[in-house]
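Accompanying notes for the structure given below.
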Amino acid sequence: MAGVPEERGPGPAAGEQLQQQHVSCQVFPERLEEGKPQPGFFSSFFTNNQKCQLMLLKTLETNPYVKLLLDAMKHSGCAVNRERHFSCEDCNGNVSGGFDASSSQIVLCQNNIRNQAHMNRVVTHELIHAFDHCRAHVDWFTNVRHLACSEIRAANLSGDCSLVNEIFRLHFGLKQHHQTCVRDRAILSILAVRNINKEVAQKAVDKVFESCFNDLEPFGRIPHNKTDAKYAHRDFQNRDRYFSNI
């Protein structure tokens with residue numbers, strides 16, 4: 001589960017390409033080795049796809065988490081294009097979305113994304129991975145600690161562990177519950193896209209948890225709700241102005 005809206009140098013080695021294709025096909029079965037299959041004549045009228053496209057457009061235009069991340073990606077030299085870097089497709093299991101590194105696209109699972117709020121969380125989650133990939137040389141496919149770190153950050157900063165979501169899951173009331181939620185969600189995300197046992201995923205998360213949990217870029221804070229995200233976006237937009245006056 002890796003990919004990013006960014007142009008890089010030479011592509012991965014043959015062995016890494018095969019591993020990327022293997023992981024992509026596990027989660028996104030319609031993605032062929034030669035690239036994303038082209039849609040047929042009637043595909044644009046497919047209800048799930050049309051709904052997915054409309055929800056994606058609304059998310060990109062209105063969600064404060066996503067608007068901040070899009071600005072941060074552009075600021076880092078990795079500008080996002082909706083038609084090029086997002087794809088609504090059917091996916092296996094209960095996966096809601098992910099990166100396909102072989103085509104540098106964010107895949108949105110049109111058969112599993114239930115509503116607008118769900119779309120908002122999925123796009124935010126995947127854009128955090130994209131931001132991590134843009135700013136660092138992340139080894140998504142052979143270093144599980146790199147994947148664990150990005151999953152921790154995505155769970156921490158995307159709103160996935162908000163109080164509302166945790167109450168909906170009937171998980172609440174524990175001391176340091178946010179940290180517990182982030183850890184648990186990161187482990188689940190790893191297990192959804194990697195053929196490893198739970199113990200290996202837990203060890204990887206525990207090894208990097210403290211440093212990655214405290215890495216709050218580009219938000220500068222944990223945005224627990226949309227109001228927090230709006231303030232974080234405002235502060236991000238004012239960063240250059242602040243530093244230019246120092």
Name the shape class, rounded, prolate or oblate, that the alpha-carbon gyration tensor gives for segment 86-128, where a ≥ b ≥ c are the square roots of its eigenvalues, rounded holds for a/c under 1.5, and otherwise prolate holds if a/b is larger than b/c and oblate otherwise.
-> oblate
Say R0 is 30 Å: what FRET efficiency, to the nearest 0.05, do L54 and T227 get from their beta-carbon distance?
-> 0.75
Determine the equivalent ellipsoid of segment 55-133 by diagonalising the alpha-carbon gyration tensor, then write out the semi-axes as square roots of 5 times the eigenvalues, largest first, rounded to whole Å.
-> 19, 15, 10
Would you grab the residues whose amide H sits under 5 Å from the one on D90? Only those 5+ places off in sequence or on another chain, please, with H modelled 1.01 Å from N.
-> Q110
Subset of K67/K230; K51/K226; K58/K226 violating a 18 Å alpha-carbon distance limit = K51/K226
Which whole-number value in Å² is the accessible area per residue of segment 76-152, probe 1.4 Å?
-> 36 Å²
Leaving out ligands, DNA and RNA but keeping every protein chain, what accessible area does M119 have, in Å² rounded to the nearest 10, with a 1.4 Å probe?
-> 0 Å²
Dipole magnitude of segment 82-219 about its Cα centre, charges +1 at Lys/Arg Cβ and -1 at Asp/Glu Cβ only, in debye to the nearest 20?
-> 240 debye
Could you give the dipole magnitude of segment 191-243 about its Cα centre, charging the beta-carbon of Lys and Arg +1 and that of Asp and Glu -1, in debye to the nearest 20?
-> 180 debye
Give me the number: length gained by fully extending K198 to D90, i.e. 0.36 nm times residue separation minus the C-alpha to C-alpha distance, one decimal in nm.
-> 36.3 nm
When the solvent-accessible surface of protein heavy atoms is calculated with a 1.4 angstrom probe, in what order do E210, E126, E61 fall, highest first?
-> E210, E61, E126
Long-range amide H partners of G97, meaning residues 5 or more apart or on another chain whose placed amide H is closer than 5 Å, are C109
Across segment 188-205, in residue order, what do the Karplus-derived ³J(HN,Hα) couplings come to in whole Hz, using 6.51 cos²θ - 1.76 cosθ + 1.60 with θ = phi - 60° and x for Gly and Pro?
-> 4, 5, 4, 5, 6, 10, 10, 8, 10, 7, 5, 4, 5, 5, 4, 5, 5, 5
How would R153, R239, R135 line up by accessible area, probe 1.4 Å, largest first?
-> R135, R239, R153
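The values are calculated or read from the model by the stated rules, or taken from the named source; none is laboratory data. Treat the numbers as computed from the prediction; the structure is a model and nothing was measured. Positions of Cβ are generated from backbone atoms using ideal geometry, with glycine treated the same way; all protein chains shown enter the neighbour counts. All accessible areas refer to the heavy atoms of the entire protein, side chains included, with ligands and DNA or RNA removed. Shrake-Rupley method; radii C 1.70, N 1.55, O 1.52, S 1.80 Å.
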